[in-house]
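Student: Submitted below is the structure of interest, expressed as structure tokens.
The values are calculated or read from the model by the stated rules, or taken from the named source; none is laboratory data. On a predicted model such as this, the values are computed, not experimentally measured, just so you know. Here the Cβ positions follow ideal geometry from the backbone for every residue, glycine too, while neighbour counts run over all protein chains shown.
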Amino acid sequence: MTFQDPYAAQREQLAQTIREKGLRDLAVLDAIRETPRHLFVPEDQRERAYDDNALPIGENQTISQPSLVALMTSLLSLNPNDCALEIGTGSGYQTAILARLCRQVVSIERIETLSLRAQAIHQQLGLENILHVVGDGTLGYPALAPYKGIIVTAGATEIIPPPLLEQLSSEEGHMALPLGDRESQWLTLVVKRGESLFMRRYGQCMFVPLLGEYGW
Ligand code: SAM
């Protein structure tokens, strides 16, 4: 970031906290350092913006916990030339992190006001490689598929939305998503290699529900 802001030290501290929790992905830690999370939370939450917690963002939705954002991003193993799909733009913070790590991000949000707010912040930050889509993310966005990385930032049922599996690249596509019930889920990584799927579960997590045709 080229300008000084009063939150720079808190951002550095947040990156340290995430590192101490075990994340060693330097590119993701740099993205956390460079992304002004305080811009993505409501004004009355700004002093808490760099705590490692989820926070309310209005519309009964939340901005996710930064260490979880960092872990899920890292699980995608993105390269700079990759295209990623995000389901659940929410505040747009996770989107901004992804946009620093790959060529193009498609981010789908079902609540238009959230999508428009995120879009304005991304514009302010000069992030030009994001396509904002309003709609049902469980259907994915076939026009730009396949995606090397897909991230779902709302809690899905145990059945992974079939359109997302179809749109995941068969050449080592990585998808990170919470799978489970409405109250709690398992953070899950799905890797697609040819026609084969490999799944690994990480810790338990709590996301707002993924709604829509292939959601709740
Ligand atoms: N990644 C976000 C961030 O950094 O702020 C947090 C996302 S919030 C936990 C989950 C979001 O998923 C909500 O904004 C919700 O409206 C959205 N959502 C839920 N179901 C959806 C669907 N089928 N399609 C698109 N967005 C959906």
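Student: Just to verify a result, which residue in region 46-61, among those that are more than 16 Å from THR17 (Cβ to Cβ) and without any contact (Cβ under 8 Å) to a residue 12 or more places away in the chain, is surrounded by the most Cβ atoms within 10 Å (Cβ to Cβ)?
Tutor: ARG46
Student: Related question: In region 44-65, how many are within 16 Å of the ligand (Cβ to nearest atom) and assigned to a helix (DSSP H, G or I)?
Tutor: 3
Listed here are the residues, each with its yes/no results for (1) surrounded by fewer than 15 Cβ atoms within 10 Å (Cβ to Cβ); (2) in contact with a helix residue (DSSP H, G or I) (Cβ under 8 Å, 6 or more places away or on another chain); (3) at pLDDT 95 or above.
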{"site": "THR113", "(1), (2), (3)": "yes, no, yes"}
{"site": "GLN123", "(1), (2), (3)": "yes, no, yes"}
{"site": "LEU127", "(1), (2), (3)": "no, yes, yes"}
{"site": "ASP136", "(1), (2), (3)": "no, no, yes"}
{"site": "TYR141", "(1), (2), (3)": "no, yes, yes"}
{"site": "PRO146", "(1), (2), (3)": "no, yes, yes"}
{"site": "GLY155", "(1), (2), (3)": "no, no, yes"}
{"site": "PRO162", "(1), (2), (3)": "yes, no, yes"}
{"site": "LEU165", "(1), (2), (3)": "no, no, yes"}
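Student: Considering only region 175-211, how many residues are within 13 Å of the chain's Cα centre (by Cα) and more than 12 Å from the ligand (Cβ to nearest atom)?
Tutor: Matching residues across region 175-211 total 2.
Student: Tell me which of these ALA96 doesn't satisfy, since it passes every other one: (1) touching a residue at least 40 places away in the same chain (Cβ under 8 Å); (2) not in a helix (DSSP H, G or I).
Tutor: Every condition holds for ALA96 apart from (2).
Student: Having 1 or more residues that are in contact with a His (Cβ under 8 Å, 6 or more places away or on another chain) is the bar; report the strands (runs of 3 or more DSSP E) wholly within region 151-216 that clear it.
Tutor: Answer list for region 151-216: 185-193.
Student: When residues of region 89-114 are filtered for being touching a Phe, Trp or Tyr at 6+ places or on another chain (Cβ under 6 Å) and more than 10 Å from the ligand (Cβ to nearest atom), how many remain?
Tutor: 1
Student: Looking at (1) outside any helix (DSSP H, G or I); (2) within 14 Å of the ligand (Cβ to nearest atom); (3) more than 30 Å from PRO163 (Cα to Cα), which is the only condition LEU39 fails?
Tutor: LEU39 satisfies every listed condition except (1).
Student: What about ARG117, is it assigned to a loop (DSSP other than H, G, I, E, B), out of contact with any helix residue (DSSP H, G or I) (no Cβ under 8 Å at 6 or more places or on another chain) and either over 21 Å from ALA70 (Cα atoms) or within 15 Å of the ligand (Cβ to nearest atom) (or both)?
Tutor: no
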